[in-house]
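Asks: A single structure is presented below for examination.
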Amino acid sequence: MAILIDETKRVLVQGITGREGMARTQLMKDFGTQVVAGCTPGRGGQRVLDVPVFDTVPQCIAEMGAIDVSVIFVPAPLVCDAAVEAIEAGIPLLVIVPDRVPLYDAMEIHAAARAHGARFVGPNTLGVLSPGRGVLGMMGGKAESARAWFRQGRLGITSRSGGITSSIGYYCSREGIGISTMVHVGGDSVVGLPHPEVVRLFQADPETEAVVMFGEIGGSQEERVAGLMQSGEFTKPLIAYIGGKAAEEGTRFSHAGAIVEGGRGTHAGKVERLRAAGAHVVDHFMEIPAKVKEVLGR
């Protein structure tokens, strides 16, 4: 199995007629994702990469039927309107790729998703990839490289860095460790599916045996995962690496959400909490594949 994306999911691309939308639609289609429609206001009736384009999401659903996922490639100031339109139209999962989405807009999307029982990945995400099944967003670069780099298997990956997500998948696959799904939760301070929600999904996936988590300083996502482990809600082996060890308070590390303020969200605090909960925390990034093998007895 896989979480969030597989070959059965019907996908809409909002902003399909833009440069990024077209390029990433090609990636998704080449990788096997079932992209059935696109949406750009004022471009209805066109076709992009043989995909029909509609002016609005409700028009798309009325003609094409139910949509499982919308992937959004529109300018940051327009993301909130696009996301809320998709949520209110009944699409249960969104992948919001753009960065620099205003914080208030992300909070508004959160409220709309909660009110309609929807979920979203991002903002500021490369997306989701399940080897051999499908990709949402722009992870993997080109389909041929993604197929060559990532091996299908039973390791879940959740990461706050897009590049690190792909790197973990690459190095583990190179060591013969296959991947069920890789999720870049997004680098902003407010995201739709943070680490705790992603590991819950992996817990429910019978074909995911263990999870690698790349965390960062700032926020409380990693501590909340530790809480799930201590409460017995997440019981699968967790291999974790926390970035930002040398960052000082008030210094942003890589992403908008990676900043230590008021002594909260420190590297030491996250490592201590995870180890106390039973996670296998490695001190160096390149130790991850060996630790996964050790934990799984391979």
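Computed from the coordinates by the stated procedures, all read-outs in this text should not be read as laboratory data. Just so we're clear, the structure is a prediction, and the values are computed from it rather than from any experiment. Please note: Cβ atoms are built from the backbone with ideal geometry, for glycine as well, and neighbour counts cover all protein chains shown.
Asks: Quote to one decimal, in nm, the extra length available between Met107 and Ser231 on full extension: 0.36 nm per residue of separation minus the C-alpha distance between them.
Replies: This chain segment gains 41.8 nm when fully extended.
Asks: Beta carbons within 10 angstrom, averaged per residue: use that to sort the peptides 160-167, 62-69, highest first.
Replies: 160-167, 62-69
Asks: Within the set of other residues whose C-beta is less than 15 Å from the C-beta of Tyr104, count the net charge using Lys and Arg as +1 and Asp and Glu as -1.
Replies: -3
Asks: If region 150-296 were replaced by its equivalent ellipsoid, with semi-axes equal to the square roots of 5 times the Cα gyration tensor eigenvalues, what would those be, largest first, whole Å?
Replies: With the √(5λ) rule applied to region 150-296, the semi-axes are 23, 16, 14 Å.
Asks: For Rg and Dmax of the Cα atoms in Å, the listed values are [x] 17.7, 52; [y] 18.6, 57; [z] 19.2, 61; which was obtained by calculation from the structure presented?
Replies: Computed from these coordinates, Rg and Dmax of the Cα atoms in Å corresponds to label [y].
Asks: Given a 10 angstrom Cα cut-off, can you work out which residue in Ala268, Ala240, Ala83 is the most mobile in a GNM of the chain?
Replies: Maximum fluctuation in the GNM of the chain, among the listed residues, is at Ala268.
Asks: Can you tell me which of Gln221, Gln34, Gln59 moves the most in a GNM of the chain? Springs connect C-alpha atoms under 10 Å apart.
Replies: Of the options given, Gln59 has the highest mean-square fluctuation.
Asks: So which lysines pass the test for Lys29, namely a Cα distance under 18 Å, with those fewer than 8 places away in the same chain ruled out?
Replies: Lys9, Lys142
Asks: Next up: Could you compute how fast region 10-121 diffuses translationally, taking Rh as the Kirkwood radius over C-alpha pairs and applying Stokes-Einstein at 4 °C with viscosity 1.567 mPa s? Give it in µm² per second.
Replies: Approximately 95 µm²/s, per Stokes-Einstein.
Asks: Another question about this same structure. What ranking of Asp283, Asp81 emerges when the number of other C-beta atoms within 10 Å of each C-beta is taken as an exposure proxy, fewest first?
Replies: Listing Asp283, Asp81 from fewest to most nearby Cβ atoms yields Asp283, Asp81.
Asks: Can you show me the helix-derived [θ] at 222 nm for the chain, built from DSSP H runs with n ≥ 4 at -39,500 (n - 2.57) apiece and divided by the number of residues, rounded to the nearest 500.
Replies: -10500 deg cm²/dmol
Asks: Once phi is turned into ³J(HN,Hα) by the Karplus curve 6.51 cos²θ - 1.76 cosθ + 1.60 with θ = phi - 60°, what whole-Hz value does each residue of region 214-219 show in order, with x for glycine and proline?
Replies: Whole-Hz 3J(HN,Hα) from phi for region 214-219: 9, x, 9, 5, x, x.
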